[in-house]
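Input: a single structure, listed below in structure tokens.
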Amino acid sequence: LPILSVFLIGCSNDSSVAEFTGNEMEFQMIPGSVNGTETSGTLLIREKSDGKAQIEIELDGVLKNANHPVHFHFGSLEDNGNVATLLNPIQEENGVGRSITVLNELENGQKVSYADLVSFNGSIKVHWEASGPLKDEILGSTNIGSNSSENEAYLNGSKSITICNSTY
């Protein structure tokens, strides 16, 4: 008796594969004040399914049609370290400033993943303008990774943000 075997091979075109792993870190932005504009907001770093980091900033109190540059720095806010890379600028939409950047490499070519940012010695600063007399004025900022425990001192007012180092 011959035995007939049937193999079913299935291909899945399932687009419901999760874009994110569920791992994330959220930081309260340290408010800034420039020319009477005061801000508040959050920074969320989410792990994408490919290990990359998606950095999302939401900032209240920005001006209508605002476009504010965002620097990712080496070192803590206190260190005032060099710029590691630029993130997408904050753009005002319906009264709220937003920026979303998928980050996987710094300006120096160093690859970074979500896992790297968990312990990264860095900080993020939102600037008033890209060039001009207020380019180093800070609208919002936060320490990330290994420096995140320092944020409370800025949030409770025992430390203050200095102007920014725009050097790469």
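The figures follow:
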| quantity | calculated |
| --- | --- |
| Total charge dipole magnitude, the chain, about the Cα centre, Cβ charges on Lys, Arg, Asp, Glu only, Debye to nearest 20 | 200 |
| Accessible area of the chain divided out per residue, in Å², using a probe of 1.4 angstrom | 56 |
| Sulfur and carbon atoms: percent of accessible area, the chain [1.4 Å] | 48 |
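The values are calculated or read from the model by the stated rules, or taken from the named source; none is laboratory data. No experiment lies behind these values; they were computed from the predicted model shown. Heads up, the Cβs are rebuilt from the backbone with ideal geometry, glycines too, and the neighbour counts pull from every protein chain shown. Surface accessibility is based on the protein's heavy atoms, side chains included, excluding ligands, DNA and RNA. Shrake-Rupley method; radii C 1.70, N 1.55, O 1.52, S 1.80 Å.
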